[in-house]
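The structure appears below as structure tokens.
The values are calculated or read from the model by the stated rules, or taken from the named source; none is laboratory data. Quick caveat: nothing in here was measured; it's all calculated off a predicted structure. Here the Cβ is made from the backbone with ideal geometry for all residues, glycine too, and neighbour counts use every protein chain on show.
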Amino acid sequence: MGKGGKVGLSEDGAVWAFHDSATKNWLKHITHGDGLYVAVGIKSTIVTSAKGTNWIAHNSPTTSGLESVTFGNGRYVAVGFKGTILHSNNGRQWSAAKSGTKDWLNDVTFGGGMFMAVGANGTLLTSFDGKSWMRRSYGTETTLGGVAFGDRRFVIGARAGLILES
């Protein structure tokens, strides 16, 4: 995945086949859920594929670039520039959610029955359904770059080597 909209597929991590993704835009992140791959990228790009080989571009309700996408609880959620949050039940038709921020959102994940999005200026948002979001305070305004869920906890990577966990 990356510039030019190419998507790489591999069964073993050593041998790769690259496919066109129905866009020439830079794809930033991909997820898989409910039998569908969903990739997002710059210029509000959203593309989907059932097997990762044939891709279809979809309309986006935003013009903002998208940085990350995840799947959980039967819903896809994508985040990006200017506090953009999108959600979809099928990966093909998307709606905008109100994030309550204009800060750039860098990453989103799902775990423990909850979505978590992180971004610039210490932005940390949570949602149980991907539609209604709540800002969380934790005492820093450091830009948060990535979030993962494992072993029943969220772990966030931030600027200057800061690691947060819940």
Determine if the stretch 87-101 includes at least one residue that is within 23 Å of Ser166 (Cα to Cα), crowded, with 17+ Cβ neighbours inside 10 Å and among the hydrophobic types (A, V, I, L, M, F, W, C). no
Matching strands (runs of 3 or more DSSP E) fully within the stretch 45-118 where at least 2 residues are touching a strand residue (DSSP E or B) at 6+ places or on another chain (Cβ under 6 Å) and either within 22 Å of Asp20 (Cα to Cα) or of a type in the set (Val, Ile, Thr) (or both): 45-49, 66-72, 75-80, 105-111
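Among the residues of the stretch 13-44, write down those that are of a type in the set (Val, Ile, Thr) and touching a residue at least 40 places away in the same chain (Cβ under 8 Å).
Residues satisfying the conditions are Thr31, Val38, Val40.
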Output for the stretch 9-53, where each listed residue is closer than 26 Å to Ser95 by Cβ and touching a helix residue (DSSP H, G or I) at 6+ places or on another chain (Cβ under 7 Å): Ser21, Thr23, Lys24, Asn25, Trp26, Leu27
Taking the condition of a type outside the set (D, E, K, R) and over 15 Å from Gly119 (Cβ atoms), does Asn106 pass? no
Across the stretch 1-31, what is the total count of residues that are surrounded by fewer than 16 Cβ atoms within 10 Å (Cβ to Cβ), part of a strand (DSSP E or B) and either among the acidic types (Asp, Glu) or at pLDDT 95 or above (or both)? 1
Taking the stretch 32-55 as the search range and keeping residues that are surrounded by 14 or more Cβ atoms within 10 Å (Cβ to Cβ) and among the β-branched types (Val, Ile, Thr), which one is farthest from Thr84 (Cα to Cα)? Thr48
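Which residues, taken from the stretch 137-166, are basic (Lys, Arg) and either surrounded by 13 or more Cβ atoms within 10 Å (Cβ to Cβ) or in a strand (DSSP E or B) (or both)? Before you say what the answer is, go through the steps one by one.
To start, the set of residues in the stretch 137-166 that are basic (Lys, Arg) comprises 152-153, 159.
Matches in the stretch 137-166: Arg153 only.
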